[in-house]
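The structure under discussion appears below in the form of structure tokens.
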Amino acid sequence: MDATIGRANGRQTAGDRITWLRRNAVDRSSSVAAELARSVDQAPLRLLAYLLAGLSFLFMMFPGIDLAVSAIFAGRDGGFPLAEDRLATGIRDINRLVPTILLPGLTICLLWWAFRPGRPAPVAPHQALFVLSVYILGCGIIVHGLKNFVGRARPDAILPFGGTDAFTVAWQMSGACLRNCSFASGEASSAAAMLAFALLLRARQRVAMLVVLVPLAVIFSSARIAVGKHFLSDVVVSWLILMIVIVALWRVFRHHAADIDRKVAGCGVRLTAALNARFALRGLHRPTGGEGASGRPGRETVRPCIALPHRAGNDTAEKGETDVRSPAHGPLRRHSEASSIGRPAHGAALDAATTLPYPSTLAIEPITHSPGTTTWQTSATSRRSSSPIPAASTPRSS
């Protein structure tokens, strides 16, 4: 009986040890995974930079990797048979079509926010600017800059595959190609830039979006290798460059999201109002027949005017009007008392730089569009020619 108990205790002890070892292994693996995830979350740019440097060094030290991968799709007599394949051509066309649809859509969203801030667009301004910046900076400037700077010949143009140019490794300067060269891959960078759209969604939806986008990006990029237009190193370097750009720009736009959204919303309306006011003030400039105080022929510059009360002996003044006088030029025009109540601030229609015909009549009338918003309509008429001068309108919240 004691032997049976001892055996049972031994089995229990062995079972406990196995359970402990399993738990310890699981804890260690989970801790390693947690630390790896923490490092990726804290320093993704550093990790991506290390990957870019390490893989670039690998392709430079072992150039046979590029030749071996491209040889898989090359024909026996040279060339790449899939270059004329309809499926490969269709994949390339779809990859080129995606930016031509998405980028104008994001631009429309930005314009919508700028001119119709009361009706929000489905994409926030900082999100639209983020994706546009990824394509402009990553694909347009960095990758295409490398294509024209490095000068690497494409696989279908080098000697091992029936071409006439020499093979060069990644990052090696060459004069074999002068424009739109092999390194780095522009279409692979465009495919990788699609992953930026996943950051526009919520955290739970990003995984589902990445499950869809990553295979598509891999297919689009691999098709360029299959048709002999890019080496494997061209695609890998393009992907890593775009990942660095996406992570770096997302940090900036996410940190300043509120400021960007506030400045973009309604900026088109404000800019249009400012331009209209500027052009309207220019429209008040009329020739006077001689050289004015500003030195320009046919114009006279007036200084800030002062509204004086109507005098009883003035027969020319109509009831309810005041004389508007300038310290330098005397009476210039008549100004209605009703319009002088709450005149626009900051000298919207008449300030020190305003140039008016001499003499002229100025009228400022408030037009209320909605509660709390008033547009001041300013019009001037020359007494000499009785011709109206274009009006200026200045919005102001009352």
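The values are calculated or read from the model by the stated rules, or taken from the named source; none is laboratory data. Keep in mind it's a predicted model, so treat the numbers as computed, not measured. Virtual Cβ from ideal backbone geometry, glycine too; neighbours counted across all protein chains shown.
Some points to look at:
For every residue, the table says whether it meets (1) of a type outside the set (D, E, K, R); (2) closer than 29 Å to Phe253 by Cβ.
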{"position": "Gln127", "(1), (2)": "yes, yes"}
{"position": "Ser133", "(1), (2)": "yes, yes"}
{"position": "Lys147", "(1), (2)": "no, yes"}
{"position": "Gly151", "(1), (2)": "yes, no"}
{"position": "Ala166", "(1), (2)": "yes, no"}
{"position": "Gly175", "(1), (2)": "yes, no"}
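- Boolean, Ala157 is touching a residue at least 60 places away in the same chain (Cβ under 8 Å), of a type in the set (A, V, I, L, M, F, W, C) and over 18 Å from Ala196 (Cβ atoms): no
- Residues in the range 144-154 that are part of a helix (DSSP H, G or I) and either modelled with pLDDT of 95 or more or of a type in the set (Lys, Arg) (or both): Lys147 only.
- Members of the range 195-250 found to be more than 20 Å from Asn148 (Cβ to Cβ) and basic (Lys, Arg), listed by number: Arg202, Arg204, Arg206
- Looking at Arg278, Arg254, Arg286, Arg282, just one residue is more than 23 Å from the chain's Cα centre (by Cα) and either at pLDDT 85 or above or surrounded by 13 or more Cβ atoms within 10 Å (Cβ to Cβ) (or both), and that residue is Arg286.
- Only one of the numbered conditions (1) more than 21 Å from Leu67 (Cα to Cα); (2) at pLDDT 95 or above; (3) not acidic (Asp, Glu) is violated by Ala208, and that is (2).
- So Ala184, is it among the aliphatic types (A, V, I, L, M) and either part of a loop (DSSP other than H, G, I, E, B) or touching a Pro at 6+ places or on another chain (Cβ under 6 Å) (or both): yes
For every residue, the table says whether it meets (1) in contact with a helix residue (DSSP H, G or I) (Cβ under 9 Å, 6 or more places away or on another chain); (2) modelled with pLDDT of 50 or more.
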position: Val227; (1), (2): yes, yes
position: Asp261; (1), (2): yes, yes
position: Pro304; (1), (2): yes, no
position: Gly313; (1), (2): no, no
position: Thr322; (1), (2): yes, no
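- The range 1-105 holds helices (runs of 4 or more DSSP H) entirely within its bounds, and those carrying 1 or more residues that are modelled with pLDDT under 90 map to 2-42, 44-61.
- So Ser70, is it touching a residue at least 12 places away in the same chain (Cβ under 8 Å), touching a Gly at 6+ places or on another chain (Cβ under 9 Å) and in the same structural domain as Val236 (by TED's automatic domain parsing): yes
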